[in-house]
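Below is one structure, written out as structure tokens; the observations come after it.
The values are calculated or read from the model by the stated rules, or taken from the named source; none is laboratory data. None of these values were measured; they are calculated from a predicted model. Note: ideal-geometry Cβ built from the backbone for every residue, glycine included; neighbour counts use all protein chains shown.
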Amino acid sequence: MFALFQSRFRRFSDDTQGYITIEAMIVLPVLLWLFGAGWVYFDAFRQQSVSQKANYVIGDMISRETDPISGTYVTNARKLLRELTKGSGNESDLRVTVVQYDANAASWSVVWSKKRGNQSVLNNGSLTAYADKLPVASGGDQLIMVETWDLHEPIFDVGLSDFEIHTYSFTRPRYAPQVVFSNS
């Protein structure tokens, strides 16, 4: 009995013929995991790019306005943001702020700020956090600052947890020297 077992084991160990199904069973899970991880990370970078482009669209849209901006306009801009980023209802936040440069004081100040979502409006105190991001300007120049926040949830668990995509952009008014906000 032992000799029979030993001869079969020797024949098995001497066999150099490969079996693709066994090799595939070993390698396929690793390949699938790598494919899934690549997909998740690519999707995260894609969503970041989509969010930034949606931000640019909203900033450009507001910069072309010659009529006063209303609260309804800002609400609809948030709806546009959700449509462009394919975000769900409560995950996308928007803040539109118009800032003006004072050459005498060499500082920026908030003209008006409106938000939709969970973020707070920007005021002169919180504007100091953006001092190094604001461009060089002349006295009286205004900028439209658009900020968006979007929650990204990866579809597979490959080590990347949910995270918030925060984008911002600055745009100068195009057809009017200023963008005015009106509640009427």
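Determine which single condition E65 fails, assuming it passes every other condition in (1) under 28 Å from the mean Cα position of the chain (by Cα); (2) assigned to a helix (DSSP H, G or I).
Just one mismatch for E65, condition (2).
Would you call A3 surrounded by fewer than 10 Cβ atoms within 10 Å (Cβ to Cβ) and more than 30 Å from V158 (Cβ to Cβ)?
Judged against the criteria, A3 is a match.
The rows are residues; the columns are (1) among the hydroxyl-bearing types (S, T, Y); (2) outside any helix (DSSP H, G or I); (3) at pLDDT 90 or above.
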| position | (1), (2), (3) |
| --- | --- |
| F42 | no, no, yes |
| S49 | yes, no, yes |
| A54 | no, no, yes |
| L94 | no, yes, yes |
| V99 | no, yes, yes |
| K115 | no, yes, yes |
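Quick check on the stretch 125-134. Is at least one of its residues at pLDDT 90 or above, under 30 Å from E153 (Cα atoms) and crowded, with 16+ Cβ neighbours inside 10 Å?
So far as the stretch 125-134 goes, no, none of its residues is at pLDDT 90 or above, under 30 Å from E153 (Cα atoms) and crowded, with 16+ Cβ neighbours inside 10 Å.
Would you mind stating whether Q6 is part of a helix (DSSP H, G or I), within 30 Å of A137 (Cα to Cα) and out of contact with any helix residue (DSSP H, G or I) (no Cβ under 8 Å at 6 or more places or on another chain)?
no
Can you name the residue in the stretch 51-66 that is touching a helix residue (DSSP H, G or I) at 6+ places or on another chain (Cβ under 9 Å) and among the charged types (D, E, K, R) and, of all such residues, is nearest to L134 (Cα to Cα)?
K53
What number of residues in the stretch 142-153 are of a type in the set (S, T, N, Q) and without any contact (Cβ under 8 Å) to a residue 60 or more places away in the chain?
Residues meeting the conditions: 1.
Name the single residue, out of those in the stretch 101-113 being without any contact (Cβ under 8 Å) to a residue 60 or more places away in the chain and not in a loop (DSSP other than H, G, I, E, B), that is nearest to the chain's Cα centre (by Cα).
S113
For W149, only one of the following conditions fails: (1) out of contact with any helix residue (DSSP H, G or I) (no Cβ under 6 Å at 6 or more places or on another chain); (2) modelled with pLDDT under 90; (3) crowded, with 16+ Cβ neighbours inside 10 Å; (4) under 30 Å from W33 (Cα atoms). What is its number?
Exception for W149: condition (2).
Please go through the stretch 117-135 and give me each residue that is out of contact with any strand residue (DSSP E or B) (no Cβ under 9 Å at 6 or more places or on another chain) and assigned to a loop (DSSP other than H, G, I, E, B), ordered by number.
The answer is D132, and nothing else.
Which members of the stretch 69-87 meet the condition of being exposed (fewer than 14 other Cβ atoms within 10 Å of the Cβ) and assigned to a loop (DSSP other than H, G, I, E, B)?
K86
Is there any pair with a first residue in the stretch 154-183 that is under 25 Å from K53 (Cβ atoms) and a second that is in a loop (DSSP other than H, G, I, E, B) and basic (K, R) whose Cβ atoms are under 7 Å apart and which are 6 or more apart or on different chains, and what are they?
Qualifying pairs under 7 Å: R174/R64; Y175/R64.
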